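The numbers here are math on the coordinates, done by the rules we state, and not lab data. Here the structure is a predicted model, which means the values were calculated and not measured. Here the Cβ positions follow ideal geometry from the backbone for every residue, glycine too, while neighbour counts run over all protein chains shown.
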C-alpha cells in the first residue's frame, strides 16, 4: 500500500515510526489513528482545520490554517471546550510529552504558572504508581522524533500563552461556540 507523506514533516515522521505512534498513543494520549471529532466543527475565522489525532476521552487535536505555513494546534474536548495548546505541532507535542496530564494543569490556570507546576509531582507519582516510567517513555519518544523537551515551566508557559491567543473560536454545526479550554 502506498502511503502519501503528510505536509507536516513531524506528523509524517510520526506516521512512519510505529514505535513513536505507539508511545504517543500510550502513555501520552495522542492517537494519530483517531481523527474523527465527536461532531462536525469549523473555525469561526474560516481557516482550514485538520484533525490529526484524538485522545481516549473523545477529544481531538487539530492543525489550524493552511499546510504551507506554521499551523497552531487546537484541542477540542468532547464536552464542548476548545483552545490552542501550541503555536505549532512541535510545541504541542513538547507539552503532551513533557506534561501528559496538561489538562489537569489547566484546572489551575486561573491561579497562574506556579499553581500549575505545583500539581506536577502528584501527577507524575500517579503514573509511577501505575507502573509507567514516564521519563523512559519521554526519552525514547524524544529520540525517535528528534524532539527537544524543554523544562516543565517553559512548556506550561507556552501553554498559557497559547490558550489566551484570540481568534481561534471553534463552532459546531449549530454555530455554537465551544467554551474556552482555559476556564
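With R₀ set to 35 Å, the beta-carbon distance separating residue 70 from residue 129 gives a calculated FRET efficiency near 0.35.
Per-residue extension of 0.36 nm, minus the Cα-Cα distance of residue 148 and residue 33, leaves a gain of 39.0 nm for this segment.
Per residue, the convex hull spanned by the Cα atoms of the stretch 50-98 measures out at 70 cubic angstrom.
Taking every pair of Cα atoms in the stretch 23-72, average 1/r, invert it to obtain the Kirkwood radius, and report Rg/Rh to two decimals.
Details: Rg = 11.7 Å, Rh = 11.5 Å.
Rounded to two decimals, Rg/Rh equals 1.01.
When you restrict to C-alpha pairs under 8 Å that are six or more residues apart and normalise by the size of the chain, the relative contact order lands at 24 percent.
Ranked by the mean number of other Cβ atoms within 10 Å of their residues, highest first, the peptides 161-174, 124-137, 52-65, 16-29 come out as 52-65, 16-29, 161-174, 124-137. For the Cα trace of the stretch 82-144, dividing Rg by the Kirkwood Rh returns an Rg/Rh value of 0.99.
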